[in-house]
Every structure is written in C-alpha cells, then in structure tokens.
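Scroll down for the structure; my scribbles are underneath it.
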Amino acid sequence: MIQAEHITGLILAGGRAQRMGGIDKGLIPFLQKPLIESTITRLKPQVGPILINANRNITKYAAYGYAVIMDETPDFSGPLAGFSVGLKACKTRYLLTTPCDSPLLPKDLATKLAQEMERGDFQIVYASTKESDGKVWAQPVFCLMRADVLPSLETFLAKGDLKIDRWFKELRNSTVIFEDANAFANVNTPEELKHLEETFV
C-alpha cells in the first residue's frame, strides 16, 4: 500500500502568470497570506518530502523550509519542465504534483490517486472533475506518477513536445473523477482570486 511517506509532493510555482499581469502567482495574497501557503497546508499531511518548483523569487519560496528547484530550461516551458526537475530531485517511489494557485485542493488527493494507481498498476494517475452538466474535465497538473517515468519524460521533452496530455498517452495512465470541481479552482485573473476568496470563507 502506498503511504504518505512514499510520496514526494511537488508544488509547481514556475509559470509566467501572464493573465495575472506576470505577477508570481504563488506569492499573490489569498486571505492575507501568499497563495502557496494554502497549498502547502493542504498538501503537507498527504505526502512525505515537499519540493517547490520556482523560477523567480527563490529566496521567498525557500523561506518555507523546502528545497526549491528551478527548471533546467530558461523559457518557462510549462508543467512538464517542472515535472522533469521534480522527478530528478525525487527520492521517494512516487511524485505528486499540484500547482501553487489551487488553495482548495482536495485533502484526499493523494489517497484517491494512490488507490487507483495500485488498482491497475498504472504509471501515472491524474485528477478529473465532473461539471454540473456531466462533462468530465481532466486536471492533469494534479497527478501522481511513479518516479521511474523520468526516462520516458526526458525522451518526450527531447522531441520538443510540451503537451502534457500527449505524454500521458505514452504511459499506462488512468484518472480519478472528483465530484467537487471547486477543489481544483485556480487563480488566473484578479476576478477569479476574488471569487475564490469568497468561496473559501
């Protein structure tokens, strides 16, 4: 059985946040505290070690007491670049990834993804949500992967491909549908931030 200590948590804070005017999203105030603090609070009980993937404000992120790892490519090449450095730094058998701007992430994210991984011997299991109209949406940056998928990811990135769903298709993958779509809400605009704060209260 996969226990919390077998999983390294990777918080992705390396993006450009263009829709927020280029501001570093993890440090945006959410209920008077940087967004990443809410993410850490939710993630911490679910995993063993925690890593933060960031490409700027390294000292501010390091102040939380976790290792901060930067992308190896200088061009903000998306979540897969973060996955890559996270897997290289991962000392446990599994890596659980989550963005820095989803402060309501499910408290049972790791448990549910791990149960599915064990059920079908998958290499990667990601979250999906079901909207009120019944439509299912993939939430691929919330995923649990085996640490030994690194060679597959390196080969994929070497081809110049950055599409997360295309890489998933190369692996034995599965998804878990979470009923509360709001748990995966993230912050891309000042309006979304305001709405999320109102939801949280």
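Side notes on the structure shown:
- Residues of region 168-194 that are touching a strand residue (DSSP E or B) at 6+ places or on another chain (Cβ under 8 Å), of a type in the set (A, V, I, L, M) and not in a helix (DSSP H, G or I): Leu171, Val176, Ile177, Val187.
- Boolean, Ser84 is surrounded by fewer than 22 Cβ atoms within 10 Å (Cβ to Cβ) and either aliphatic (A, V, I, L, M) or part of a helix (DSSP H, G or I) (or both): yes
- Residue check, Met117 among the hydrophobic types (A, V, I, L, M, F, W, C), in contact with a Ser or Thr (Cβ under 9 Å, 6 or more places away or on another chain), surrounded by 13 or more Cβ atoms within 10 Å (Cβ to Cβ) and closer than 23 Å to Gly78 by Cβ: no
- Top-ranked residue in region 162-187 [being of a type outside the set (Phe, Trp, Tyr), under 29 Å from Phe122 (Cβ atoms) and in contact with a helix residue (DSSP H, G or I) (Cβ under 7 Å, 6 or more places away or on another chain); ranked as surrounded by the most Cβ atoms within 10 Å (Cβ to Cβ)]: Val176
- Candidates Glu118, Glu131 - the one that is farther than 26 Å from Ala13 by Cβ and touching a residue at least 60 places away in the same chain (Cβ under 8 Å): Glu118
Computed from the coordinates by the stated procedures, all read-outs in this text should not be read as laboratory data. Since this is a predicted model, take the numbers as computed values, not measurements. Methodologically, a virtual Cβ is constructed for each residue, glycine included, from the backbone with ideal geometry; neighbour enumeration extends over all protein chains shown.
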